[in-house]
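Report on one structure; see the data block that follows.
The values are calculated or read from the model by the stated rules, or taken from the named source; none is laboratory data. Just so it is clear, the structure is predicted and the values come from calculations on it, not from any experiment. All Cβ positions, even for glycine, are placed from backbone atoms using ideal geometry, and neighbour counts span all protein chains on display.
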């Protein structure tokens, strides 16, 4: 007998033609008639549910003996049972079987070689219901015997050489019909090779004898097949053998089950290895200190890691609702201007299909906080999207900002140094020249000078010394303030007392020029401030006013108060300041000095100190001046900052 397992026709048209032929035959020959063609029908379990009289006569059975009583396996030879059980599940799926050669066993136990052609019928839901088969008797005995022998040899060859393990088992149940064990009935060589068990060691023996550590779930699962006839396919790990198997189990006859299985250990180990590798790289992806997002060809964000969530201030779920150039992103360039869509690195990489590296940009979140990023984007290997990497450069940007500030401070320090050296080289030189020159004249000509001339020379020396002392005091204070060595210790002081004390200090200087100092009456005003700094501010403003006020001029000091400020004003009737020079007054890098109305020298440091000390108290200084008429310097101290009314 030759094994021909459900051969497919070369085209669907041939199959349709065969089905039409079968339908025509069925219409012409009622299955219950004695038609010259043999018909039978099987249900899904292989039970014979219909057979015509012609085939009954051929087999020697009555209808009552066979219909709904015998399974097709009951009238097949052992070899044909294996062929049938191998092909029947496939037939129910494929829908037809052509030229299937089997050996039927007649009632008198004679072998009847036949050729079967079958079609499958299904219910409206597509479920198999039954088969219709035409059975053709092979009357050429010698040829049949030859074919039978060949088929047996082919079957044995297939059985011996098939790469899949094959075994038939008899299920063993307890008194309640619950599967508890099974016995090995038949195995093929592949079974021995795949499991390591030899035929002689297991045929006829129970599985619990051979593998006592086998899991009961295996027996239970195969028991369902043997008892219900429902085939199953599954993967199983056999711990005792340390192997993985792909298993297909079906019921060849009641109380039995057959298994066809393959060793898939290598494949499973590879899958496990790949899974571990995937898990490892997933962990690496999640915990990279670099933010990563993956987007499709339209720029839609598909996934991202934890660092991307932190940097973009959005969960992966929220990211997935946006594109890389979504208008909801507030993306800016390093200069603070808005970055257009075509400059967004991910979109550039998608458009150009090339790597875009090290683009620096900022993202502003809903709370207006900026996150500065270095972004690199590259197309995915399959060109079906883009991967974007985000590196936090907040510290780098802040460092650059600080370096820029330090650079500006260094430039300012250099300017201050140059100014300081200029003061030392020039501004201190003049008063010392006066002192040395007039003292030298007195030493050499004292006897020749009258009393008035000597008094005048001594007065000049005195004024030069005082000016030098004033200059040195300002230099010392300014230097200490620049080096951070000047302490700031606010305390409750009376501003009016400070004004009167400093007026008394400069009254003699004003008197020499016939200048009248007027302090407008005001109640005591107590403020919280550093006394030494306030003294410096008032003294320098008074000295400047006297210096640039001509003979017989006037300096007016007033203090006013409103709900928000305390206002100190020192107004003179002096020479005034040209508009283009007003901005130079308080800048160390724009040295601006004028000779006083009595040829007094100056460094410009006094006003710079005043501005620094006023700002230290949270205040401001302003000047209103008209050239040739006079100047009004006004200091504003805010009540709600450092200055408070006590």
inquiry  = part of a helix (DSSP H, G or I) and at pLDDT 90 or above: which single residue out of 223, 177 fits that description?
reply    = 223
key: Residue check for residue 558: at pLDDT 85 or above and touching a strand residue (DSSP E or B) at 6+ places or on another chain (Cβ under 6 Å)   = yes
Long-range neighbours under 6 Å by Cβ, at least six apart or interchain, first residue over 18 Å from residue 307 (Cα atoms) within region 346-374, second in a loop (DSSP other than H, G, I, E, B) = 347/299; 347/324; 347/325
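Within region 331-364, which residues are in a loop (DSSP other than H, G, I, E, B) and at pLDDT below 90? Steps first, answer last, please.
Initially, region 331-364 is screened for residues in a loop (DSSP other than H, G, I, E, B), giving 333-337, 339-340, 344, 353-355.
Of everything in region 331-364, those that are in a loop (DSSP other than H, G, I, E, B) and at pLDDT below 90 turn out to be 334, 335, 336.
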request  = For region 241-300, name all the residues that are over 20 Å from residue 89 (Cβ atoms) and assigned to a strand (DSSP E or B).
outcome  = 243, 244, 263, 291, 292, 293, 294, 295, 296, 300
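Can you spot a residue in region 516-531 that is part of a helix (DSSP H, G or I), under 18 Å from residue 558 (Cβ atoms), touching a strand residue (DSSP E or B) at 6+ places or on another chain (Cβ under 6 Å) and modelled with pLDDT under 90? Steps first, please.
Filtering region 516-531 down to residues part of a helix (DSSP H, G or I) leaves 531.
With under 18 Å from residue 558 (Cβ atoms) added as a condition, the list becomes none.
There is no residue in region 516-531 that is part of a helix (DSSP H, G or I), under 18 Å from residue 558 (Cβ atoms), touching a strand residue (DSSP E or B) at 6+ places or on another chain (Cβ under 6 Å) and modelled with pLDDT under 90.
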ask   = For region 211-240, what are the residues that are over 50 Å from the mean Cα position of the chain (by Cα) and more than 25 Å from residue 86 (Cβ to Cβ)?
value = 211, 212
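Mind checking which residues of region 180-191 are assigned to a strand (DSSP E or B) and either in contact (Cβ under 8 Å) with a residue 60 or more places away in the chain or crowded, with 21+ Cβ neighbours inside 10 Å (or both)? Outline the logic, then answer.
Initially, region 180-191 is screened for residues assigned to a strand (DSSP E or B), giving 180-187.
Within region 180-191, 182, 184, 185, 187 meet the criteria.
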key: Test for residue 302: is it exposed (fewer than 15 other Cβ atoms within 10 Å of the Cβ), touching a residue at least 24 places away in the same chain (Cβ under 8 Å) and over 30 Å from residue 219 (Cα atoms)   = yes
task = Scan region 100-125 for residues that are under 18 Å from residue 46 (Cα atoms) and either without any contact (Cβ under 8 Å) to a residue 12 or more places away in the chain or surrounded by fewer than 17 Cβ atoms within 10 Å (Cβ to Cβ) (or both) and jot them down.
result = 105, 106, 121, 122, 123
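If the requirement is being in a helix (DSSP H, G or I) and assigned by TED's automatic domain parsing to the domain that holds residue 574, which of these qualifies: 473, 447? If you could, list the steps in order and put the result at the bottom.
Working: 447 fails: in a helix (DSSP H, G or I).
None of the other options fit; the residue is 473.
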query = Assuming residue 566 fulfils every condition listed in (1) under 56 Å from the mean Cα position of the chain (by Cα); (2) at pLDDT 85 or above; (3) more than 15 Å from residue 615 (Cα to Cα) apart from one, which condition is it?
reply = (3)
